[in-house]
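Let me begin by presenting the structure, written as structure tokens, before commenting on it.
The values are calculated or read from the model by the stated rules, or taken from the named source; none is laboratory data. In this text, all values refer to a predicted model and were calculated from it rather than measured experimentally. Please note: Cβ atoms are built from the backbone with ideal geometry, for glycine as well, and neighbour counts cover all protein chains shown.
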Amino acid sequence: MRLRSLLAATALPALALGALLALPAPAPAQQAAAAPGAAQAPAALPGSEEMVAHRGAYRLSFDKSRDSSDIARAEGVMLFEVLDACDGWASRQRLTMRLQDRDGQTIETASDYATFESKDGKRLRFSMTQMTGGAVSNRITGEATLQPDGSGVANYDQPAARQERLPPGTLLPMAHTIRAIGAARAAERILNVPLMDGTSEDGAQESTTVISPWRREADGQPRFPLLNGQESGRMRIAFFGKDSSGGGASSPDYEVGLRYYANGVADDLNMDFGEFSVNGRLETLEAVPGGC
């Protein structure tokens, strides 16, 4: 059935959104002095202190499908949280989506994606499990490390032991989020960088972010207290396969549009999988206290 064949191209790119939403918690205002001889934690990336640790739930609803697509309906839920893990950020995203084809047949796909990223943006541990019809269809685990110039390696444990080289300028998920919000606030319009998030077996993906003007004024009556007094901006991020070139003539494998607030919370999602797209509405949002 064509619907089933689409699942491999659906659940995996959806996880990229979770990576982009994996936002850091604020660094403590004052760190305790290290004991003599103790190792100092790497300095956090500039801009991370403005982010807020949070937990949110998104309702996914059908937007549209291409005329040639077999998808007639899609709906689901995405649960996301990020925790302050002292010297890094621990995030988890769980996504469930139900697809229906034009003949009325339905199938459910689910994914569970978790990462730990050091606050200096140089090390990432990742784990991703995809399920189709309740059975595990794919699992990716491993670790990536970067040098000061952004080059590095991704060492995979699953689905098979292998190593992928990462090009200079590569960003990990948290670092990409911070960079994108910083670019928006600086009135930049395009951000082209390789992104290593652990959702692909091929290492880093090229990404192109198109940034709309940043709104300096905050919403008058936000739906959630955590968004009170927050500036915001919209952007659209395209992800390209290993053999494509971001910003060029190649078509992206996946695109996501969203509105970022200054504290890193995202809403008004539009996730385009090529064959079809879904909208994501933030239904619940709460701050998560830091653990340090």
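Of the residues making up region 66-87, those that are of a type in the set (Gly, Ala, Ser), modelled with pLDDT of 85 or more and surrounded by fewer than 20 Cβ atoms within 10 Å (Cβ to Cβ) are 69, 72.
In region 190-224, which residues are over 13 Å from residue 179 (Cα atoms), among the hydroxyl-bearing types (Ser, Thr, Tyr) and at pLDDT 95 or above? Of everything in region 190-224, just one residue is over 13 Å from residue 179 (Cα atoms), among the hydroxyl-bearing types (Ser, Thr, Tyr) and at pLDDT 95 or above, namely 212. With respect to the stated conditions, residue 82 is closer than 23 Å to residue 232 by Cα and part of a strand (DSSP E or B). Per the conditions (1) crowded, with 18+ Cβ neighbours inside 10 Å; (2) among the hydroxyl-bearing types (Ser, Thr, Tyr); (3) without any contact (Cβ under 8 Å) to a residue 40 or more places away in the chain, the sole criterion not satisfied by residue 251 is (1). In region 35-43, is there at least one residue being surrounded by 14 or more Cβ atoms within 10 Å (Cβ to Cβ), at pLDDT below 80, of a type in the set (A, V, I, L, M) and over 24 Å from residue 260 (Cα atoms)? Among the residues of region 35-43, at least one is surrounded by 14 or more Cβ atoms within 10 Å (Cβ to Cβ), at pLDDT below 80, of a type in the set (A, V, I, L, M) and over 24 Å from residue 260 (Cα atoms), which makes the answer yes. Scanning region 152-175 for residues that are exposed (fewer than 15 other Cβ atoms within 10 Å of the Cβ), among the small types (Gly, Ala, Ser) and under 14 Å from residue 204 (Cβ atoms) yields a single hit, 169.
Restricting attention to region 225-241 and to residues that are within 18 Å of the chain's Cα centre (by Cα) and surrounded by fewer than 19 Cβ atoms within 10 Å (Cβ to Cβ), the residue that is modelled with the lowest pLDDT turns out to be 241. Checking residue 113 against (1) in contact with a Pro (Cβ under 9 Å, 6 or more places away or on another chain); (2) under 29 Å from residue 232 (Cβ atoms); (3) among the hydroxyl-bearing types (Ser, Thr, Tyr); (4) at pLDDT 95 or above, which test does it fail? Every listed condition holds for residue 113 apart from (1). Tallying residues that are of a type in the set (Lys, Arg), in contact with an Asp or Glu (Cβ under 6 Å, 6 or more places away or on another chain) and assigned to a helix (DSSP H, G or I) within region 168-217 yields 0. Annotation note: Cβ proximity below 6 Å between a residue of region 271-288 that is under 17 Å from residue 238 (Cα atoms) and a residue that is of a type in the set (Gly, Ala, Ser) and part of a loop (DSSP other than H, G, I, E, B) (sequence gap 6+ or interchain) occurs for 275/69; 276/69.
Rundown of residues vs (1) over 23 Å from residue 282 (Cβ atoms); (2) in contact with a Ser or Thr (Cβ under 8 Å, 6 or more places away or on another chain), yes/no style:
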residue: 122; (1), (2): yes, yes
residue: 127; (1), (2): yes, yes
residue: 130; (1), (2): yes, yes
residue: 135; (1), (2): yes, no
residue: 151; (1), (2): yes, yes
residue: 173; (1), (2): no, yes
residue: 187; (1), (2): yes, no
residue: 210; (1), (2): no, no
residue: 220; (1), (2): no, no
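Going by what's in this entry, would residue 222 be described as outside any strand (DSSP E or B), out of contact with any helix residue (DSSP H, G or I) (no Cβ under 8 Å at 6 or more places or on another chain), without any contact (Cβ under 8 Å) to a residue 12 or more places away in the chain and of a type outside the set (Ser, Thr, Tyr)? Taking the combined requirement at face value, the residue satisfies it.
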